[in-house]
Amino acid sequence: MAPWGEVDYDSAPLLYRAVNGLTSGDGRVVLDMADVTFMDIAGLHFLRFLHSYGEEHRRLITTVNWGRQPQRVLTLAGSLIDEPPLTAGR
């Protein structure tokens, strides 16, 4: 998967549909964030959804190529909760 532009409230439904439309493959899903210029809380919710999808369907979820702003959101969100944060490359 390779979203582009902004991952926000407006674009998140498209990402959810894309995940729900995945077919069985080699068991791995790669989320390439190279072309994402902005991410907000809707993007964090999507990442949690993708993580749950991976657990439910026994598929390895990997994220790659995080830009500065989305990575910053991920880092800030991780610092606000008591559980280990989601990290890029995981």
Residues whose placed amide H lies under 5 Å from that of V29, excluding near-sequence neighbours: L60, I61, T62
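Once every DSSP H run of n ≥ 4 in the chain is given -39500 (n - 2.57) and the sum is divided by its residues, what mean residue ellipticity at 222 nm do you get, rounded to the nearest 500 deg cm²/dmol? Before the final figure, lay out each step's value.
Details: 3 runs with 38 residues, N = 90.
So the helix-based figure for the chain works out to -13500 deg cm²/dmol.
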Overall form of the stretch 31-70 per C-alpha gyration tensor (a/c, 1.5; a/b vs b/c): oblate
Anisotropy class of the stretch 4-79 from Cα gyration tensor, a/c 1.5 cut: prolate
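Laboratory data are not the source of any read-out in this text; all were calculated from the coordinates shown. Worth saying up front: this structure is predicted, and the values here are computed from it rather than measured.
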